[in-house]
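As structure tokens, the structure follows; a few thoughts come after it.
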Amino acid sequence: METEEHFLRMNKLATKIGNKIGLNNEQINNLTLVSPLHAIGKVTISQDILTSPEKLTAEEWEIIKEHPEKGYNIALATEDFASVARVILHHHERWDGQGYPEGLKGDDIPLLSRIIWQDLW
């Protein structure tokens, strides 16, 4: 559902943040890889839900919240993407522990997931 422009902006911002905080080349490369992949789990969700003009029901919202885990499984099954599977899994965790899927908080959230989450907003 995201546009190419969105991915390019995310990639640019993630790289800028990564460089600013001193990430190494491998971490920067992983940020570049995960930026367009972070929501890959949404391919398993009905287009009716993804494009609904109405407010999602509680049940539909629970389906949406499954996309990080589904994306994690997709990435893990793909040799080229396995290195960023955990980043995908945790890209909707929040510093205060109110995110999903595991409710991780603070430094328990992988650093690259925190950067990607920041880029979403």
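The table below gives the values:
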{"item": "Check on L37, under 19 Å from W117 (Cα atoms), modelled with pLDDT under 95 and surrounded by fewer than 17 Cβ atoms within 10 Å (Cβ to Cβ)", "result": "no"}
{"item": "Per-region count, segment 3-22, residues in a loop (DSSP other than H, G, I, E, B) and within 22 Å of A75 (Cα to Cα)", "result": "1"}
{"item": "Residue in segment 60-72 that is surrounded by 15 or more Cβ atoms within 10 Å (Cβ to Cβ), over 14 Å from the mean Cα position of the chain (by Cα), closer than 18 Å to I45 by Cβ and among the acidic types (D, E) present", "result": "yes"}
{"item": "Condition met for K105 (touching a Gly at 6+ places or on another chain (Cβ under 9 Å), more than 17 Å from A14 (Cα to Cα), of a type in the set (K, R) and surrounded by 15 or more Cβ atoms within 10 Å (Cβ to Cβ))", "result": "no"}
{"item": "Scan of segment 82-102 for residues that are in contact (Cβ under 8 Å) with a residue 40 or more places away in the chain and surrounded by fewer than 19 Cβ atoms within 10 Å (Cβ to Cβ), ordered by number", "result": "S83"}
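The values are calculated or read from the model by the stated rules, or taken from the named source; none is laboratory data. Computed from a predicted model, the values in this text were never measured in an experiment. For neighbour counting, all protein chains shown are included, and Cβ atoms are generated from backbone atoms with ideal geometry for every residue, glycine included.
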